[in-house]
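The values are calculated or read from the model by the stated rules, or taken from the named source; none is laboratory data. Please read these numbers as outputs of a predicted model, since none were measured by experiment. Backbone-built Cβ (ideal geometry, glycine too); neighbour counts: all protein chains shown.
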Number of protein chains: 2
Amino acid sequence: MFFGDEEALRPLIAAEPRLKNAVVEHCAKSVAMTDKPMHVLRRGRDTSMWKAIEAQKEGRVHAVVSGGNTGALMAVSRMQLGMLPGVDRPAVTALWPTPRGRTVVLDVGANVEANEHELVDFAIMGEAFFRALTGTKKPTVGLLNVGAEELKGHELIRNAARVLREADPDMAFKGFVEGNDISLGAVDVVVTDGFTGNIALKSAEGAARLVGGWIKEELTRSLLSKIGALMMTGGLKNLKAKIDPSSVNGGVFLGVNGIVVKSHGGADEKGVAAAISMAAGLVGKGFRKEVAQTIAIVHERAGKALEAAE
Amino acid sequence: MFFGDEEALRPLIAAEPRLKNAVVEHCAKSVAMTDKPMHVLRRGRDTSMWKAIEAQKEGRVHAVVSGGNTGALMAVSRMQLGMLPGVDRPAVTALWPTPRGRTVVLDVGANVEANEHELVDFAIMGEAFFRALTGTKKPTVGLLNVGAEELKGHELIRNAARVLREADPDMAFKGFVEGNDISLGAVDVVVTDGFTGNIALKSAEGAARLVGGWIKEELTRSLLSKIGALMMTGGLKNLKAKIDPSSVNGGVFLGVNGIVVKSHGGADEKGVAAAISMAAGLVGKGFRKEVAQTIAIVHERAGKALEAAE
């Protein structure tokens, strides 16, 4: 189902024969990238974003994919779908390519700060999400930290690690991981606050793009280089596909009681397809029920552990 | 001057004719990588690390380069050399390659947390360091932050930005930058706390190494690829040199009243040479005096601005 300006959507849909049965729900308004989330909550009930999330609440669609305003999408999702029982704050996921496949990093932008309980919840949600996405029975989980110093990292990260070890013995929790461990694929799920996660992700994207630019430069530097590059066209195509950010497009809003996937605003057709395919892959996996159950158990155990410690 | 086990050093020095006049100060002990900084401060006075820093305090050497235990090196430097007037906390720099040359990122590991005043001091120190290193008259400075959300970043980063704008009008302060801006070379100096800086740096190194691994894989995949790669040997060598981390080796301890450069423990000869050359390049630049003066002025102005606001 498409939510948006019917007049604009119809010719685009008509150009793709496989979409001939697509349903369009006309929405006269849309959320602008500069709209404040609070403004959309108050006055955005006739926007395409609101209507799409509302359709999920009403059970008319199973999942929503949007390339729009992230803050507004999060606010509208929380207001209409609510949060999973026991979860206070949502987290946005990112897929990070590794030599072993994909690592999930969360949070990459929903929360500027996260306390120890929220980091624990992110770990539980990330684990269940990775399981639903890949079928891995026991995904490995690590907390992002710094390594070199005597007192490793913030106290709250150390506390979160203690709670995960004590209260969630079923999780394959591997303790702390460092920035370089993400690209190594050292664990399946890397947990951090939204500020650090966003900066880690964007710093890595920047570095990958820099190296990609250098490759391009060297391949076209001389005639011999150009001929050499021609001879390895297949290899370079593989390389381009691997670096291509569209293959990892789609940030899932974990913790929200629904399936909402944010597609990058600048994603191409392959990127949007990847986001839609991720959303579809989560439908019917029951991972939200699993998250709610695990969180209830871990919160109870963590509370008891705290009482015992007092 | 070399500080260490003379018996071990002599044959290494003899193998390099240009070092024939090198002075060795024999030290029976050394600091182990696992030694706690506090332990070294209390019982490490006969270690090579202590003796080297002591030699700088005594004016026998102008700068110290060490590949040893970072925490201990920082503690020994602070204890013996003291801090610059007005500076409470040191910061470790990293050089980050960009298409425009090099960007300095600090702090990348001395402090897990930094308050707004420390971020302001880091900005002033980073600016003076970049000027001393490159001769750029007005280095541009940015504060690392996240972009997408309505309320951008932590409150303390916003406060630091306000202080820099109001109290240091001579600085080419460009406001907030995001993770991907570092590799773009958007500014000359990127300021952040040690936790975030360490994770940004290591995440980017990991991503660059991942892309480098993919390149290698594709270049050797087929015979045609191999021949193609051979034809562009020169280009690939250039590429390797650019990705080579040894070209950016050397973290300077800013804020300490001396010149101390930490070389990566796993650096090769080119890496160590880069660290030594950076240390030598800082000698006689007077950047410490400049830092102390700027910090005195900015602290006074910031104090007045706060009084006026009350």
*Could you check, for the stretch A:182-203, whether at least one of its residues is outside any loop (DSSP other than H, G, I, E, B), at the interface with chain B (Cβ under 8 Å from one of its Cβ atoms), among the charged types (D, E, K, R) and under 23 Å from residue B:143 (Cα atoms)?*
yes
*From the set of residues in the stretch A:20-48 that are free of Cβ contacts under 8 Å to residues at least 12 places away in the same chain and among the charged types (D, E, K, R), which is farthest from the other protein chains (Cβ to nearest Cβ)?*
A:20
_Which numbered condition residue B:124 misses (of (1) aliphatic (A, V, I, L, M); (2) surrounded by fewer than 20 Cβ atoms within 10 Å (Cβ to Cβ); (3) part of a helix (DSSP H, G or I); (4) under 20 Å from the mean Cα position of the chain (by Cα))_ = (2)
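Yes/no matrix, rows are residues, columns are (1) within 14 Å of chain A (Cβ to nearest Cβ); (2) touching a Gly at 6+ places or on another chain (Cβ under 7 Å); (3) modelled with pLDDT under 90:
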| site | (1), (2), (3) |
| --- | --- |
| B:110 | yes, yes, yes |
| B:113 | yes, no, yes |
| B:118 | no, no, no |
| B:125 | no, yes, no |
| B:135 | no, no, no |
| B:138 | no, no, no |
| B:149 | yes, yes, yes |
| B:152 | yes, no, yes |
_Flag for residue B:274 being farther than 25 Å from residue B:120 by Cα and either surrounded by 18 or more Cβ atoms within 10 Å (Cβ to Cβ) or not assigned by TED's automatic domain parsing to the domain that holds residue B:106 (or both)_ = yes
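Residue by residue, here is whether (1) over 20 Å from the mean Cα position of the chain (by Cα); (2) at pLDDT below 95 holds:
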| site | (1), (2) |
| --- | --- |
| A:31 | yes, no |
| A:35 | yes, yes |
| A:52 | no, no |
| A:60 | yes, no |
| A:65 | no, no |
| A:77 | no, no |
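Residue by residue, here is whether (1) on the phi > 0 side of the Ramachandran plot; (2) more than 10 Å from chain B (Cβ to nearest Cβ); (3) modelled with pLDDT under 70 holds:
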site	(1), (2), (3)
A:205	no, no, no
A:213	no, no, no
A:228	no, no, yes
A:260	no, yes, no
_Lone unmet requirement of (1) of a type outside the set (A, V, I, L, M); (2) surrounded by 14 or more Cβ atoms within 10 Å (Cβ to Cβ); (3) in contact with a strand residue (DSSP E or B) (Cβ under 7 Å, 6 or more places away or on another chain) for residue A:54_ = (3)
*asked:* When you scan the stretch A:134-148, do you find a residue that is of a type outside the set (Asp, Glu) and under 12 Å from the mean Cα position of the chain (by Cα), even just one?
replied: no
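Determine if the stretch A:93-105 includes at least one residue that is among the basic types (Lys, Arg), within 14 Å of the chain's Cα centre (by Cα) and at negative phi. Can you show your working first?
Applying the first criterion (among the basic types (Lys, Arg)) to the stretch A:93-105 yields A:100, A:102.
Applying the additional criterion that residues be within 14 Å of the chain's Cα centre (by Cα) yields A:102.
Right, trim to at negative phi and you get A:102.
Looking through the stretch A:93-105, at least one residue is among the basic types (Lys, Arg), within 14 Å of the chain's Cα centre (by Cα) and at negative phi.
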*Run residue A:106 past the list (1) within 14 Å of another protein chain (Cβ to nearest Cβ); (2) crowded, with 23+ Cβ neighbours inside 10 Å; (3) in contact with a Phe, Trp or Tyr (Cβ under 8 Å, 6 or more places away or on another chain); (4) not aromatic (Phe, Trp, Tyr) and report the number of the one that doesn't hold.*
(1)
*Do you know which residues across the stretch B:67-95 are more than 13 Å from chain A (Cβ to nearest Cβ), in a helix (DSSP H, G or I) and in contact with an Asp or Glu (Cβ under 8 Å, 6 or more places away or on another chain)?*
B:80
_Quick check on residue B:162: is it free of Cβ contacts under 8 Å to residues at least 24 places away in the same chain, assigned to a helix (DSSP H, G or I) and more than 10 Å from every other protein chain (Cβ to nearest Cβ)?_
yes
*Report the residue count in the stretch B:36-65 for those that are within 19 Å of residue B:26 (Cβ to Cβ) and not in a helix (DSSP H, G or I).*
9
*Which one of these does residue B:114 not meet: (1) farther than 14 Å from residue B:194 by Cβ; (2) in contact with an Asp or Glu (Cβ under 8 Å, 6 or more places away or on another chain); (3) assigned to a loop (DSSP other than H, G, I, E, B)?*
(1)
